[in-house]
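Visitor: Have a look at this one.
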Amino acid sequence: MLKQRIITALILLPIALCGFFLLDGSGFALFIGLVVTLGAWEWARLAGFSAQLPRVVYAAVVALLLFLMYTLSSVVVPWVLGAAVLWWALATFLVLTYPRTSGHWSSVASKLVIGLVILLPAWQGLVEIKNSPMGNWLIMAVMVLVWGADIGAYFSGRAFGKRKLAPAVSPGKSWEGVYGGLALTLVITLVVGVVRDWSVKEILLALLGAAVVVFISVVGDLTESMFKRQAGIKDSSNLLPGHGGVLDRIDSLTAAIPVFAVLLWMTAS
């Protein structure tokens, strides 16, 4: 398993880095769209489709919606990102109250719609971040926040984890892990702010934004775990040997990216 994980990572990492940082415009949108479309194919399985045809049809619908969003970006961006903020606020409640509230979203139709609200804003948010000034650095920033939160949570959770975060969804995660991940990302943010000579106000806003992004990334991770638990599966697919599926790799980012994009818009306006 470890050998598979390493080989897959060595193959995917340069592809991902080139796609994220070397592509621009329509090429970047297409690259991210491919990732999201694969995620849609996996989500259809979480929604209850085991046969390939409906899963492919759902992925094709998502791809078509991405194309329409790209052509109508000036109109749809606020609505798509606004829907994401509302969804992740609701998802926080659903995760913390699972399985008591699962009856409200357990139908196939509900889960298919939720898949759209998760995947489409993630694509839109990343495209918007890429088009921002210093887009590549901002993409790196949101990834570092998510990765830093994961790393900090892993070590602090193992060392100090006692209080379960959402035991019905992911028994291994603890509040101490969340705090450890948050602490590491805040330290990283503070160091960046000092090195870049930000003002006190800018540093405080950055710390607040980092905390929001970290907490919502945890919700993203738990949300996919909740749907996998409901579907009775361990991984979203086996597309990535040793790593599970695409959704298993981007679950935290699907939540963090649109929220990060909204925070950027708020600070710029």
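Visitor: All but one of (1) crowded, with 16+ Cβ neighbours inside 10 Å; (2) more than 20 Å from Ile118 (Cβ to Cβ); (3) under 20 Å from the mean Cα position of the chain (by Cα) hold for Val219; state the number of the condition that does not hold.
Guide: (2) is the only condition that Val219 fails.
Visitor: So, one more: What number of residues in the range 38-58 are under 19 Å from the mean Cα position of the chain (by Cα) and surrounded by fewer than 20 Cβ atoms within 10 Å (Cβ to Cβ)?
Guide: Residues of the range 38-58 that are under 19 Å from the mean Cα position of the chain (by Cα), as a first pass: 38-47.
Adding the requirement that they be surrounded by fewer than 20 Cβ atoms within 10 Å (Cβ to Cβ) leaves none.
Total meeting the criteria: 0.
Visitor: Being over 19 Å from Asp248 (Cα atoms) and among the β-branched types (Val, Ile, Thr) is true for just one of Val117, Val75, Val95. Which residue is that?
Guide: Val75
Visitor: Determine the pairs where a residue that is part of a helix (DSSP H, G or I), located within the range 7-35, has a partner that is among the hydrophobic types (A, V, I, L, M, F, W, C) and modelled with pLDDT under 80 with Cβ atoms under 6 Å apart, the partner being 6 or more residues away or on another chain.
Guide: Thr8/Leu240
Visitor: OK, next. Give the residue, chosen from Ile118, Ile188, that is under 30 Å from Val75 (Cβ atoms) and not in a loop (DSSP other than H, G, I, E, B).
Guide: On the way: Ile188 fails: under 30 Å from Val75 (Cβ atoms).
Of Ile118, Ile188, the one residue that is under 30 Å from Val75 (Cβ atoms) and not in a loop (DSSP other than H, G, I, E, B) is Ile118.
Visitor: Can I ask one more? State which residue is surrounded by the most Cβ atoms within 10 Å (Cβ to Cβ) when the search covers only the range 95-130 and only residues that are among the aliphatic types (A, V, I, L, M) and free of Cβ contacts under 8 Å to residues at least 24 places away in the same chain.
Guide: Residue satisfying both the conditions and the ranking: Val113.
Visitor: Still on this model: Checking the conditions here, which among Thr71, Thr92 is touching a residue at least 40 places away in the same chain (Cβ under 8 Å), closer than 28 Å to Met266 by Cβ and among the hydroxyl-bearing types (Ser, Thr, Tyr)?
Guide: On the way: Thr71 fails: touching a residue at least 40 places away in the same chain (Cβ under 8 Å).
One residue alone meets the criteria, Thr92.
The values are calculated or read from the model by the stated rules, or taken from the named source; none is laboratory data. Please read all numbers here as calculations on a predicted model, not as lab measurements. When we count neighbours, we look across all protein chains shown, and the Cβ atoms used for this are built from the backbone with ideal geometry, even at glycine.
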